[in-house]
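Every number here is computed from the coordinates shown, using simple stated rules; none is lab data. These numbers come from a predicted model, not from an experiment. Please note: Cβ atoms are built from the backbone with ideal geometry, for glycine as well, and neighbour counts cover all protein chains shown.
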């Protein structure tokens, strides 16, 4: 008899395949001591050999990632290589072997624990990228020392078999290794739809379900499973009836997707003539071509954190300039909105030495970090200004809470323009600067803030999180993260009206824009542009072209009177359901799971 488990839909698609369980965990190290000096030297050599092997395996993964995904993505492995060349970690372990006569694995474990203790005082241990890299290095070296099988994903897919990867949780560094030709689905015990790994899974177009509970302890390699990334459901030990139901559902969805392909290069205009601009969110330069092919009219959110996270030194101006220019040239004549570094929260570059914070998402992050680290910020701003010569680049500031954050940034940009002009670089006569509206504070001062920026971009992920006091990264309360809460709906409407009254563009780049009901709501609020992940572009364009602004505005008027999320959803579902088959949009609506 089949067993049904429900999680959170993270990346759409239906797959039926055998399971492979990834256990990327630090192995338990037995206590071990050595007596003779010869044995001490033998343990030191074992340790050196294990480090050499780990470094070689990481380089192989790095080269493979560069070939299959891109050079920028491959840099995520660089901190691990640097750790294996760090004298404090390596020589410190060798010293521990000599001084305490411990086995190589025991001495390395001790040294890593000392590193973990030191790092935990410099930043939040749950989100520090360097700690995650250290755990990867520790696992790789210890498994070699303890003669355990190589856990690399690359080593497990040589047979070419297609499978669903099941794990407790995936880090971005693991996710980027996945080959969509063999890893046809992902299911994790923990996680949320807005985690970086889930976002990367969507970029790779791998169906994904997260927060499924103890799934990795329940299934075994070879077990058959159905995974529905649209509804967030997995079916264990499926019956033939289950298989047929999901095959039929998959067929209908693929038929629907073929219809959407035809929409890719049609304008995003409602049936009564209201024009919206539909742009793409991208994380890496290489995604720009993919977004353009899916019909994006520019980039609404270009995240720049890939340039800094996991690195021991800040990226230089030339490296950043090339990354920004690459995307600008992919969209000639169309806007490319580049967000300045959104650091802090769950993104901690090692070179900033960020102090420990009890609530990092409410702490030193985003524009606060940029303004407090002017040399890092100025380097980025100079690179952005230089790249403006190659396209319509617009600068966007994350987590703006105060008007002074905008005015201080304008002073810095003006200084950078003066410097670059003196150096002989082409510089723009004018530039476009916008603010992300992501907090209730920014929303409530939107009328005043609009006087100091050229556009708004509503970051609904953080806006929902801060409005509802729900950590969107906490799988235990993820169900309480509801973008259709009346408080969120009213804030969104107020921001849109404030921007319209000021005569500036109001865009939306958060996950709400990628939800059909959310897009319908935003159309009715008069949003100027929506920006979504490339896979969602055609579906949202279908929504735009199927509805009228008049009907969407009437839906907003009703939704603003609602007193619960359920009432908001009921209103929007009823109105959108008159013109569209909502079963095809079940990824966002949570409807139509085969029973």
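Structure above, values below:
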| quantity | calculated |
| --- | --- |
| Peptides 90-103, 243-256 ordered by average Cβ neighbours within 10 Å, highest first | 90-103, 243-256 |
| The chain: calculated mean residue ellipticity at 222 nm from DSSP helix runs of at least 4, using -39500 (n - 2.57) | -14000 deg cm²/dmol |
| On Cα atoms only, tilt of 565-576 relative to the major axis of the chain in degrees | 60 |
| Bridge type composition, the range 277-431 - antiparallel percent by DSSP, nearest 5 | 10 |
| Relative contact order (%) - the range 277-431, alpha-carbon pairs under 8 angstrom, separation at least six | 23 |
| Length-normalised contact order for the range 241-339 - Cα pairs under 8 Å, 6+ apart - percent | 25 |
| Tilt relative to the chain, helix 104-120 - C-alpha long axis, 0 to 90 degrees, to 10 | 40 |
| Fraction in percent of alpha-carbon pairs per bin - 5 Å, the range 386-525 | 2, 10, 18, 19, 17, 12, 9, 7, 4, 2, 0 |
| Tilt relative to the chain, helix 37-68 - C-alpha long axis, 0 to 90 degrees, to 10 | 30 |
| Burial ranking of peptide ranges 27-36, 548-557 (average Cβ count within 10 Å, highest at the top) | 548-557, 27-36 |
| Order of 338, 413 under a 10 Å beta carbon neighbour criterion, fewest first | 413, 338 |
| Distance from the range 1-46 to the range 284-344 (C-alpha centre basis), Å | 34 |
| Per-q log10 I(q)/I(0), the range 277-431, q = 0.09, 0.19 Å⁻¹ (Debye; single scatterer per alpha-carbon; no solvent) | -0.28, -1.23 |
| Contact order relative to length of the chain, as percent, for alpha carbon pairs under 8 angstrom and 6 or more apart | 15 |
| Counting DSSP beta bridges with both ends in the chain, the antiparallel % (nearest 5) | 35 |
| Least to most buried among 288, 404 (fewest other Cβ within 10 Å first) | 404, 288 |
